[in-house]
Amino acid sequence: MGVTPDVTMNKFILNKDSAALVVVDIQEKLVPAMKKRQQVYDNCGHLIELAKLIDLPIVLTEQYPKGLGPTVPEIKDVLPSYTPLEKVTFDCCRGEGFLDTIASLQKTHIILTGMETHICVLQTCLSLLKEGYFVHLVSDAVCSRKKQDFRTGVETMRDAGAVINCTETALFQLLEKAGTPEFKAISKRIK
């Protein structure tokens, strides 16, 4: 007879049946100020590719696209479809249709990526946690203009209850095992 598992451990476990990917505001006029933009493009691309392979839902947002432009081609071109949820609120959850879209997915775990860590990503994370979702912030798939702002955003999300992961942790939790076609495809991408 084993020990009764702690239900709080569930928040740390990603699997394809309970997770969705959210990509926040990686837009043309915002990214030039981001020193880590290529890392964010690459890591979001890895997550998007795996999401397509395992049928993980992807939700894309854009902050005031009239001013900040559309999602950059590096992200847009790898998406299975380009259907951004437009918003003017920094918190995606306060944007029209976002929470309804998330609820309709019937997922408990949100894999969170995007820009900027300490503004839109942070506010969205806090609201998702408040709504009862488990949030996995992919720390190498988010960025801010300033290193200190990035750190503050990540630390605040961790303090609030988000799980802080890196891209490879998220990928391999979702893959679960080696030897599958999905594993082979992702392994080639991250080498």
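The values are calculated or read from the model by the stated rules, or taken from the named source; none is laboratory data. What you see is a predicted model; the values in this text were computed from it and never measured. In this analysis, Cβ positions are derived from the backbone assuming ideal geometry, glycine residues included, and neighbour counts consider all displayed protein chains.
Just one of the listed residues (THR61, THR8) is farther than 14 Å from HIS136 by Cβ and at pLDDT below 95, and it is THR8.
Where strands (runs of 3 or more DSSP E) fall wholly inside region 23-135, the ranges with 3 or more residues that are more than 25 Å from PHE12 (Cβ to Cβ) are 58-63, 85-87. Taking region 62-93 as the range and being out of contact with any strand residue (DSSP E or B) (no Cβ under 8 Å at 6 or more places or on another chain), under 14 Å from VAL24 (Cβ atoms) and β-branched (Val, Ile, Thr) as the test, only THR89 passes. In region 156-182, of all residues being part of a loop (DSSP other than H, G, I, E, B) and touching a residue at least 12 places away in the same chain (Cβ under 8 Å), the one that is farthest from HIS136 (Cα to Cα) corresponds to GLU176. With respect to being in contact with a Lys or Arg (Cβ under 9 Å, 6 or more places away or on another chain) and either over 19 Å from ILE58 (Cα atoms) or assigned to a helix (DSSP H, G or I) (or both), ARG145 fits the description.
Could you check, for region 142-153, whether at least one of its residues is at pLDDT 95 or above, surrounded by 16 or more Cβ atoms within 10 Å (Cβ to Cβ) and under 27 Å from ALA185 (Cβ atoms)? Yes - at least one qualifying residue is present in region 142-153.
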